[in-house]
Each structure stands twice: as C-alpha cells, then as structure tokens.
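Visitor: Mind looking over this structure? Questions follow.
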Amino acid sequence: MLVAKTHKSGVVTLTLCRAAKRNALSGALIEALGTRLDATRDEDMAVLVVRGDGDRAFASGGDLDELSAIRTVEAAADMSHRFRAVLEKLRSFPVPVIAALNGDAFGGGAELAMACDLRIAAGHARIGFLQGKLAISTAWGGGPDLFAALGISRALRLLGRAEILSAPCAREWGLLDAVADDGQPFEAFVDAYVAGFSERTPDVMRAFKALAHAARIGAPRDAALALETKHFARTWADDAHWAAVEASLGRAGKVQE
Ligand SMILES: CC[C@@H](C(=O)O)C(=O)SCCNC(=O)CCNC(=O)[C@H](O)C(C)(C)COP(=O)(O)OP(=O)(O)OC[C@H]1O[C@@H](n2cnc3c(N)ncnc32)[C@H](O)[C@@H]1OP(=O)(O)O
C-alpha cells in the first residue's frame, strides 16, 4: 500500500509509505495519493493530516530515477500538469490539511508541504526547494505557494540559493506553524497539535477551509464574502451551534454565582 489511511476522532491521516526511497514521489505514489484524497473528501472529519512514513523524509521530491525518462518539453509540461492536479486536491480539500513533516521535505516534497494549509515538523526535519540545484524550476504549484507564504524576497532567496532551512528556522520564517520539542515523540506532538482543530465541528472546519482556499486563490472579495455568509448561515442554524451556546451560557452562569 503506497498511501495508508487512518481515521480517529475527526482526524484522517494519510501516510506516504515509501520510506526505503525516502517517500520519493513516483507516479504511482502521486496517483495513490490522488485516489485516497478523492475517496476521503466526503468523510466526516475536521482535519486531514498528511505525513511520510519513517523518520528521515516527509517526501524527498519527485522520484529522480523515474522522472529521468522524461526528456522533452511536452512530456515535462504534461508531468507538471498531472502531478500538480493531485496537489490541487489538497489545496481545495474541503477541510484544512496539515502537513506533518516527520522528516525532510525536499524539492517536490516541499511543494507537497506547501500545498497543505499548515505545516508542523519534527525538530530534525528540514525544508529545501532544491530544484535550482538540479537546474530546474518548481513544477507543481509550489512556486506560487512559496511566494504567497514568504513574499518575494525570502521566496526568491530560498529558490535561488536552493537553501535548506532547519525546522526552527522555517518556523521563524513562518513556513512551519509548530516544531516538536526536543525528545517529544512525533506522534504525541502531532496528536496534541491536531486536537486543537478536531474539537471543532466538521462543518465549521469546512467553512474555515473555504475561506482559506478563497484567500489562496485570490478570490474576488465579493465571492469570499458570499462564501462566508453561506457557511455562517449554515453553521448558525445547526444544532451544534445551539448546544454550544447552551454550554457556554451554563458556564457563564456558574462563574457569576
Ligand atoms: C519535478 C521534480 C522536482 C520538483 O517537483 O520540483 C523534484 O522534486 S526533484 C527532487 C529533489 N529532491 C532531492 O534532490 C532530494 C534527493 N534526496 C536526498 O537528498 C536524500 O535522499 C535525503 C532525502 C536527504 C535522505 O537522505 P538519506 O536518509 O541519507 O537517504 P539516501 O540518500 O541514502 O536515500 C535512500 C534511498 O532513497 C532514494 N531516494 C532518495 N531521494 C530520492 C528521490 N528524490 N528520487 C528517487 N530516489 C530517491 C535513494 O536513491 C536511496 O535509494 P537506494 O540507493 O536504492 O537505497
């Protein structure tokens, strides 16, 4: 199995299972990821986690052995479109997607991480857009994602110098939202981080993701506002909202006594 799936308390986790090749993104692995994403998008969940198997790599990029068969401009463009289409499934996934970097995210692996909405990492993980070193540019939407996340100057620096950032540095730059403490087991770190999201109802997380996606694609303000109203009205009228209001008033009452 190339992409394993677990579902626990509102959290679906997809794991890239190619640790012997540092989760290098072969055509088969990318296709399996796309299939899993399609089969998962309507499940009842608050958040999706994507991670790699093992502790060396989240994903070491495109499979360099396999991709070496691609030698023409047309075939390269075709590969770029096919792989990017799968990463688009993450960008437009109906709930927030968290990339949990169990190890290095290099090249296309960094693009995969950027296609997710949030990134967290083990302390030893690194992020590197190494494409320039291989005399290529980004291919799967990671370039635009990186400029949006870091701004022109820092994104150009990372790409142009093919710099590798340590997890603490990537956190300082805002590429990572959280980094595991020294000695903290990775699974416990991920569970604790994700719990903050999985406490929310799936509908609320779908609403927030819709806004996040609108922001990512630079949707016109009118469209973003229409989305906001649509999701807000739905969540407002839902029983979960009124149960939360009751619970909140009950707590407030106790404080006043
Ligand atoms: C269009 C593609 C482009 C993009 O989308 O932008 C790319 O992604 S290009 C790829 C960019 N990535 C890299 O250049 C990273 C290459 N890998 C490494 O630097 C290292 O492997 C590592 C990730 C730092 C891990 O190092 P280590 O733990 O020491 O493992 P090994 O180096 O010994 O590798 C083990 C095993 O895995 C194979 N491997 C690793 N990465 C790839 C890869 N990207 N493609 C294919 N195979 C990969 C490596 O060859 C070893 O195989 P065996 O020798 O058979 O054990």
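Visitor: Being farther than 16 Å from L112 by Cα and either buried (at least 21 other Cβ atoms within 10 Å of the Cβ) or within 16 Å of the ligand (Cβ to nearest atom) (or both) is the filter here; which residues of region 20-47 pass it?
Guide: The answer is A20, K21, M45, A46, V47.
Visitor: Let me ask you something else. Going through region 78-109 one residue at a time, which ones are more than 14 Å from the ligand (Cβ to nearest atom), more than 18 Å from G141 (Cβ to Cβ) and open to solvent by 10 Å² or more (accessible area, probe 1.4 Å)?
Guide: Selection gives P94 alone.
Visitor: Please go through (1) touching a Ser or Thr at 6+ places or on another chain (Cβ under 9 Å); (2) more than 20 Å from P96 (Cα to Cα) for A167 and return the number of the only condition it doesn't satisfy.
Guide: (1)
Visitor: May I ask you to list the residues in region 110-140 that are near the ligand (Cβ under 10 Å from one of its atoms), part of a loop (DSSP other than H, G, I, E, B) and within 15 Å of the chain's Cα centre (by Cα)?
Guide: W140
Visitor: Restricting the search to region 48-77, which residues are open to solvent by 80 Å² or more (accessible area, probe 1.4 Å) and either over 23 Å from the mean Cα position of the chain (by Cα) or not assigned by the TED database to the domain that holds F189 (or both)?
Guide: D65, E66, A69, R71, V73, E74
Yes or no, residue by residue, for (1) under 30 Å from E43 (Cα atoms); (2) open to solvent by less than 50 Å² (accessible area, probe 1.4 Å); (3) more than 16 Å from the ligand (Cβ to nearest atom); (4) among the basic types (K, R):
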site	(1), (2), (3), (4)
A162	no, yes, no, no
R171	no, no, yes, yes
A178	yes, yes, yes, no
P185	yes, no, yes, no
M205	yes, yes, yes, no
R216	yes, no, yes, yes
D238	yes, no, yes, no
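Visitor: Considering each of A155, A210, A192 in turn, give the residue that is in contact with a Leu (Cβ under 6 Å, 6 or more places away or on another chain), closer than 20 Å to V11 by Cβ and assigned to a helix (DSSP H, G or I). Give the steps one after another, and end with the answer.
Guide: Working: A155 fails: closer than 20 Å to V11 by Cβ; A192 fails: in contact with a Leu (Cβ under 6 Å, 6 or more places away or on another chain).
Only one candidate qualifies: A210.
Visitor: So, one more: Quick one: is R82 assigned to a strand (DSSP E or B) and at pLDDT 95 or above?
Guide: no
Visitor: Hey, among the residues in region 141-160 that are closer than 18 Å to A99 by Cα and open to solvent by less than 40 Å² (accessible area, probe 1.4 Å), which one's farthest from the ligand (Cβ to nearest atom)?
Guide: That would be L150.
Visitor: Further question on the same structure: Just the residues that are within 15 Å of the ligand (Cβ to nearest atom) and either surrounded by fewer than 20 Cβ atoms within 10 Å (Cβ to Cβ) or modelled with pLDDT under 95 (or both), please, taken from region 1-19. Break it down stepwise before answering.
Guide: Restricting attention to region 1-19, the residues satisfying the condition of being within 15 Å of the ligand (Cβ to nearest atom) are 2, 16-19.
Across region 1-19, the qualifying residues are L2, C17, A19.
Visitor: Going residue by residue through region 116-127, is there one that turns out to be of a type outside the set (F, W, Y), in contact with a Pro (Cβ under 6 Å, 6 or more places away or on another chain) and at pLDDT 95 or above?
Guide: yes
Visitor: One residue is enough: does region 240-248 have a residue meeting the conditions assigned to a helix (DSSP H, G or I), open to solvent by 70 Å² or more (accessible area, probe 1.4 Å) and not polar (S, T, N, Q)? Outline the logic, then answer.
Guide: We begin by selecting, within region 240-248, every residue assigned to a helix (DSSP H, G or I); these are 240-248.
In the following step, the residues that additionally are open to solvent by 70 Å² or more (accessible area, probe 1.4 Å) were identified as 242, 246.
Checking which are not polar (S, T, N, Q) leaves us with 242, 246.
Yes, the conditions are met somewhere in region 240-248.
The values are calculated or read from the model by the stated rules, or taken from the named source; none is laboratory data. Being a predicted model, the structure only gives us computed values, none of them experimental. Using ideal geometry, Cβ is built from the backbone for each residue, glycine included, and neighbour counts are taken over all protein chains shown. These area figures cover heavy atoms from the full protein model, side chains too; ligands, DNA and RNA do not enter into them. Shrake-Rupley method; radii C 1.70, N 1.55, O 1.52, S 1.80 Å.
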